[in-house]
Structures are given as C-alpha cells and as structure tokens.
Amino acid sequence: MEQEFAQYPAEALEPVQSTLIIPLVARALGDRLFPNMAISDCHARAAFTGLKVDPQDYLNDRLSVYGVLARTYILRELAQDFFNHHPRGWAVNLGCGLSSYFQWLDRGRNQWLDADLPPVIALRDRLLPGQGQHHRHASVDLRQPRWWQELGLPEGPKAPPVLVMLEGVLMYLQPDQVLSVMHEFSHHAPVGSELIFDSLSCMAVGQASLHPSVSRTQAQFLWGARKISDFTTGLPRLRRLGEYSILDGYDAGWACLCPFFRALWGTPLYAVIHIGLQDAARQSVTGELNYGCETTRRLG
C-alpha cells in the first residue's frame, strides 16, 4: 500500500486541483526557509512523500512559500478563536486540498469537515491519516447549488455555529460562482457562523501566468475583489469583521507595497477576509451588527 502512495503522479490532477501542490510543499518544507513562521505540519510532510513532485521549483518561489505559511498562521488563529467561543461548533474547509487543520484544532467536542472535488478526496484517502470520530471528509462541487445541504451542515435557529474556510479557492471561480457561494452561506448558516477566505485584488484576474508557482499548474485567476464592499453587498446578514494582510511581513518592500496598494485601490492586494453572520430579523430591528470593530492585521 505504501508503494502505491509513493507512485501517485501529481500530473493526474486537473489544473485547479493541482494548485494543492503549492501549499503542500510550503507546509511540508517551508519551515526551514522561514523558521520564524514555522507551522510544524507533520501531516503535510507525510502527504508530500506520497506525491511524485520535485519541490525545488516551488521552494524557489520564496514569496509564495512565505504567503502559504502566513496564510496558514492567520487561518489557524481565526479558527482557534472561533472554537474558543464555540467549543461544540462545526468547521468545514471547502476546497481543502491536502491541508490538515484539524491536527491543530481538535478540541475533543468540535466537528471538522474537509470537502473537495472527488479526485482530491480520493487523494486524501490515500495520503492523509484519519483524525478520529469528530473529523470526516466528503466530496463537493461548489460550482453547483445546494452544497450546504449535500454536506449535511447544521442549519436552523438552534443549530451550532459553523466556521466556513475557503483557502486558495475563490480566485479560481467565476464571479457569479463566488456570489453563489456567499449567498449559500448567508442563507443557510446558523447565527454566529463565520466565513474566512483569502482574496486577491481584481488586478490579478487573468494574470496567473505571472505567478511563478500557479503558472506551473496552468490554472487561471478568474475572480478578485474590485471594492471592499464586494464581500457583503446584497447580503444583509453578513458583516466584514476583519482584513488580514498576508504578504506584509515578507520584507521591507512588501511592507510598504501592501498598505500603499490598499490605500490607492481600496482593496487589499492579497489578504484573508473574515466575515461574520447574524440573525437577519435582529438586524432589521437594531439596524446594526454587534461584532465590534473591524480589524486589520499584519504579520512580521
């Protein structure tokens, strides 16, 4: 069985699916490049040995390696905070690839679901270990409607809150598909649920060939935010809770470029966006959302 794992060719994946190699290599081997950002992902190291991939070209793209580590750090902290407030809550990682966040986030009472397209889930079955009765994975296609019900996620007034994570996903969907995902979350998620995802500026759309790692996969960037209100427009249950810049800490140049870009264009160049959800009826009465101040964070 282990020999079969070791012979799985990355070329068997479709272009967008093959982008999972980028964070896998970064999490498996990136700690030695950026020890101050080390995440100690033992599952990524184990899964990496099961793919026929030469990591050097991906490691040469140091900015992407740093970006994956910083993004992982941010998402992990946001998820930890969610479970601090909701110890019995649920989380679903949509478009999970070969990521394994539950290794850090298992609280013993919370539930975690990893979901992706069938070929990726089949690959997870081969390369990643099971993580107990509170973890499962399932096949899903976010381009199709009703994925919330298909995954059996909680909904209704007495359901536990759900943390929805989309990492390296939305930029590969068409704009109407991104809007559909937002609508699905807004319509079905229980009160107190949260949505976290990474977002590129619209200026990156159609420019994947300029990205040293993504260009190797032949995938293309199809969506990016034109204005910060894109994340919540037309969805009254949603409120932007925070914006977490990903690349500021790479070096002095990026530390200057990222805030300059944000100030000039009104959207982050590349950031994790944090969305909260409240009861629509309460909003119509109060006219406001009780989530406190929006936050902006920089790593470095």
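The values are calculated or read from the model by the stated rules, or taken from the named source; none is laboratory data. These figures come from a predicted structure and were not determined experimentally. Backbone-built Cβ (ideal geometry, glycine too); neighbour counts: all protein chains shown.
Couple of notes before you dig in:
- Residues that are touching a residue at least 12 places away in the same chain (Cβ under 8 Å), of a type in the set (A, V, I, L, M) and not in a loop (DSSP other than H, G, I, E, B) within region 118-150 comprise V120, I121, L123, L127, A138, listed in sequence order.
- Of the criteria (1) assigned to a loop (DSSP other than H, G, I, E, B); (2) in contact (Cβ under 8 Å) with a residue 12 or more places away in the chain; (3) over 27 Å from W254 (Cα atoms), which one D54 fails: (2)
- Residue check, A115 aliphatic (A, V, I, L, M), part of a strand (DSSP E or B), farther than 29 Å from A204 by Cβ and under 19 Å from the mean Cα position of the chain (by Cα): no
- Any hit, region 67-86, residues being assigned to a loop (DSSP other than H, G, I, E, B), within 16 Å of the chain's Cα centre (by Cα) and modelled with pLDDT of 95 or more: no
- For region 190-215, a tally of residues being under 16 Å from L78 (Cβ atoms), crowded, with 22+ Cβ neighbours inside 10 Å and not hydroxyl-bearing (S, T, Y) returns 5.
- Residue list for region 125-176, filter: at positive phi and either hydroxyl-bearing (S, T, Y) or loosely packed, with under 14 Cβ neighbours inside 10 Å (or both): G132, R146, G152, G156
A quick yes/no check of all residues on (1) modelled with pLDDT of 95 or more; (2) over 17 Å from R62 (Cα atoms); (3) in contact with a Leu (Cβ under 9 Å, 6 or more places away or on another chain); (4) of a type in the set (A, V, I, L, M, F, W, C):
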| site | (1), (2), (3), (4) |
| --- | --- |
| Y250 | yes, no, yes, no |
| G253 | yes, no, no, no |
| W265 | no, yes, no, yes |
| I273 | yes, yes, yes, yes |
